[in-house]
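Novice: First the structure, then my questions, so here it is.
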Amino acid sequence: MDPFLPPELEQEIFEIAAGIHPDTIPTLLRVARRVHEWISKVKYKIITTAGEESTLTFRRLKNAIRAKKSKTRPAAFFQNHVLHLFSQDHYLPDLREVMGACSGIKNLVLAQPDALPSTLPAALRLRRVGLYLDPFVKMDPRNSMFTLVTHLDIYDHPDAFPPTNDFAHWWPLLARLPALTHLSIYMGIAMILVPKALVLCKKLEVLICMHIALPDESEVLEEVHDERFLHMFLHNSQYPADWVTGARGGSDFWVRAEAFIGKKRRGEIQPGLLSATFNTSCSF
């Protein structure tokens, strides 16, 4: 006799397979009607620009949303199943269209400096956000879409900003994120924001000074000795794949930072040993 599995276990097996090996999704969709229904939900879970290691590309998602006008998908489908979105260098009208249909997104990266507050639908209830500083400043953190944000990754784009000494009136925005526990700030703005963020963000557990290239000693914040703080190196080319790993529940840079801070608290890492900070945070 053919082996028989309970439907719930069978569904879990197929969903895990699709999550670990997204390139098999087109094949899995053709296995059976019930499998098609399960995998269709997984297919739209993680969206990136190129689709590498994610479950779907931004372009295919956009086309699917436009096809809903022909009743191929109900509007609620995208609200319920698109949970993680990584957008980079997209045409802003396309981005607005996608965001408007995917109000259930919990984990969002807007890796484009021109992304504006109007891009985000008010119905969003985000948990994790990555965006450039300038758009962040223009988005009022008191808005309800930010009340549940626990992880915030702020990128640096110096050409788009005023001189560094004009940043001082921006850091109080961070204190208005009531649930914030994890914060990453790129080196170009870290010297202004890090010391104040450690004081003002009461629930903060992890604060990363992120580098896109291995830093020299002049780029290390030696005066910051808080155990919640660390330097980390993650190149731009590695960031999308690392983000997908986190979206799938794996060990992304947030998890590696938590592990590193845990070692500091247990005395396994000397707090002032900055070189170890870089090496260890890269190798977890």
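The values are calculated or read from the model by the stated rules, or taken from the named source; none is laboratory data. Fair warning: this is a prediction, and the values are worked out from it, not measured in the lab. Virtual Cβ from ideal backbone geometry, glycine too; neighbours counted across all protein chains shown.
Novice: Considering the range 84-129 alone, what residues qualify as being within 27 Å of G250 (Cα to Cα) and among the basic types (K, R)?
Specialist: K106, R125, R127, R128
Novice: In the list L126, L28, L120, which residue meets the criterion of being under 26 Å from M139 (Cβ atoms) and without any contact (Cβ under 8 Å) to a residue 24 or more places away in the chain? Before the answer, list the steps.
Specialist: On the way: L28 fails: under 26 Å from M139 (Cβ atoms); L120 fails: without any contact (Cβ under 8 Å) to a residue 24 or more places away in the chain.
Result of the check over L126, L28, L120: L126.
Novice: Hey, any hits in the range 243-255 for a residue that's at pLDDT 85 or above, in a strand (DSSP E or B) and assigned by TED's automatic domain parsing to the domain that holds I154?
Specialist: Restricting attention to the range 243-255, the residues satisfying the condition of being at pLDDT 85 or above are 243-255.
Remaining after also requiring in a strand (DSSP E or B): none.
No, the conditions are met nowhere in the range 243-255.
Novice: Also, quick follow-up: So, D140, is that one more than 17 Å from the chain's Cα centre (by Cα), loosely packed, with under 15 Cβ neighbours inside 10 Å and acidic (D, E) or not? Don't jump to the end; show me each part of the working.
Specialist: Details: more than 17 Å from the chain's Cα centre (by Cα): yes; loosely packed, with under 15 Cβ neighbours inside 10 Å: yes; acidic (D, E): yes.
Against the criterion (more than 17 Å from the chain's Cα centre (by Cα), loosely packed, with under 15 Cβ neighbours inside 10 Å and acidic (D, E)), D140 qualifies.
Novice: Another one. With L273, L230 as the choices, which residue is outside the structural domain of I20 (by TED's automatic domain parsing) and modelled with pLDDT under 75?
Specialist: Details: L230 fails: modelled with pLDDT under 75.
The match here is L273.
Matching residues to (1) closer than 13 Å to S184 by Cβ; (2) touching a strand residue (DSSP E or B) at 6+ places or on another chain (Cβ under 8 Å):
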position	(1), (2)
D226	no, yes
F233	yes, yes
N236	no, no
W243	yes, yes
A247	no, yes
F253	yes, yes
G262	no, no
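Novice: While we're here: Does S40 satisfy the criteria of being more than 17 Å from R248 (Cβ to Cβ) and of a type in the set (S, T, N, Q)? Walk me through it before giving the result.
Specialist: Working: more than 17 Å from R248 (Cβ to Cβ): yes; of a type in the set (S, T, N, Q): yes.
In short, yes.
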